[in-house]
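Here's the structure we're looking at; comments come further down.
Computed from the coordinates by the stated procedures, all read-outs in this text should not be read as laboratory data. The structure displayed is predicted, hence computed values, not measured ones. For neighbour counting, all protein chains shown are included, and Cβ atoms are generated from backbone atoms with ideal geometry for every residue, glycine included.
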Amino acid sequence: MITNSSDNERCNTIAENLKRIRENIADAAVKAGRSENSVRLMAVTKTVDAEFINYSIDNCGVDLIGENKVQEFLGKRDLLHLNGVEKHLIGHLQTNKVRKIIGEVDMIQSVDSFHLAEEIALQAAKCGITAKVLLELNLDAEVTKTGFDSSGFFDSLEKISELKNIEVCGLMTVPPVELTGVELERYFDKIHSVYSDVKSKNLNGFNMQMLSMGMSGDYQIAVKHGSDLVRVGSAIYGARIYNK
Ligand SMILES: *Cc1c(COP(=O)(O)O)cnc(C)c1O
């Protein structure tokens, strides 16, 4: 429940932010010759208190949320008004936590190794479900972080397509933070062309329909380059406060 006036003010800001971001997304889509409703908005809710997430769901039409950490999501889930809301895991997932999250989210966007895909397939089979996932691709091999690098990625596609109980619905990417301007546009473009490539392969168990790219600082650029789903956190809820 929102009771005090500073919380109230924060809620108003969240509502205004969402309105503006949706307008920006629609504008960017139309400018790129796409329909204004062609891009989904995910509200990234990591570190955000349940009351503000609920406000955005109940009053601002948020119908898709993203969380980074298994523990954090499972810890606050019971406080959230999740009826009719899709939940995606977007943060790095350790294989030993797969068991805990399988069946609890609608999609795992952060599949960054064959090993992880294999474990997801195994645990999904145990639950009698097919897990929907995106493959996280990182085209900047010089920077070590999460995501398949391009050689590992192409090598893994065939192997992943042989797994049961896992459905690859598309790609996700987080561009290296240092990329800006033309370089960033090029990066998004490259990811988009890999996405189209993979889609045209019609691999078994792949149902490519979603390219997840764009965050608070670059979602309009990502939409320009073909993103179907933008993941926006701080531009909605304000700067994150860690370690509360
Ligand atoms: C935190 C996070 C986001 C949202 O970041 P903002 O810059 O706050 O919009 C998007 N995607 C992933 C994978 C994240 O970890």
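At a glance:
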{"read-out": "Cα lying deepest toward the dipole's positive end in the chain, options 182, 52, 194, charges on Cβ", "value": "52"}
{"read-out": "Total formal charge among the other residues, if their Cβ is under 13 angstrom from that of residue 197, Lys/Arg +1 and Asp/Glu -1", "value": "+2"}
{"read-out": "Two-decimal ratio, the chain, of alpha-carbon radius of gyration to 2.2 N^0.38 Å", "value": "1.00"}
{"read-out": "Centre separation in Å (Cα based) which lies between region 11-27 and region 197-244", "value": "17 Å"}
{"read-out": "Reachable lysines, given that their alpha-carbon falls under 18 Å from the alpha-carbon of residue 69 and they are not under 8 places away in the same chain", "value": "46, 87, 97, 100, 132, 145, 244"}
{"read-out": "Residue-wise HN-Hα coupling along region 173-190, computed from phi with Karplus coefficients 6.51, -1.76, 1.60 (Hz; x: Gly, Pro)", "value": "8, 10, x, x, 4, 6, 6, 9, x, 4, 4, 5, 4, 4, 4, 4, 4, 5"}
{"read-out": "228, 155 arranged by Cβ crowding within 10 Å, fewest neighbours leading", "value": "155, 228"}
{"read-out": "Relative packing of peptides 179-189, 4-14, 121-131 - highest average C-beta neighbours within 10 Å first", "value": "121-131, 179-189, 4-14"}
{"read-out": "Cα-based radius of gyration of region 24-117 once divided by 2.2 N^0.38 Å, which approximates compact folds", "value": "1.21"}
{"read-out": "The chain: angle of helix 114-127 to the longest principal axis, Cα-based, in degrees nearest 10", "value": "70 degrees"}
{"read-out": "Expected 222 nm ellipticity per residue - DSSP helices of 4 or more, -39500 (n - 2.57), all of the chain, to 500", "value": "-13500 deg cm²/dmol"}
{"read-out": "Using alpha-carbon coordinates, inclination of helix 5-31 to the longest axis of the chain, degrees", "value": "50 degrees"}
{"read-out": "Whole-number Å³ per residue for the convex hull built on Cα positions in region 136-244", "value": "132 Å³"}
{"read-out": "Placed amide H near residue 44: partners under 5 Å, 5+ positions off or other chain", "value": "66, 232, 233"}
{"read-out": "Residues 102, 241, sorted so that the one with the fewest Cβ neighbours within 10 Å comes first", "value": "241, 102"}
{"read-out": "Mean separation of Cα contacts under 8 Å, 6 or more apart, over the residue count of the chain: relative contact order %", "value": "20 percent"}
{"read-out": "Dipole of the chain, positive end: most advanced residue of 17, 109, 220 [Cβ charges, Cα centre]", "value": "109"}
{"read-out": "Assigned charges on the beta-carbon of Lys, Arg, Asp, Glu; the chain dipole about Cα centre (debye)", "value": "340 debye"}
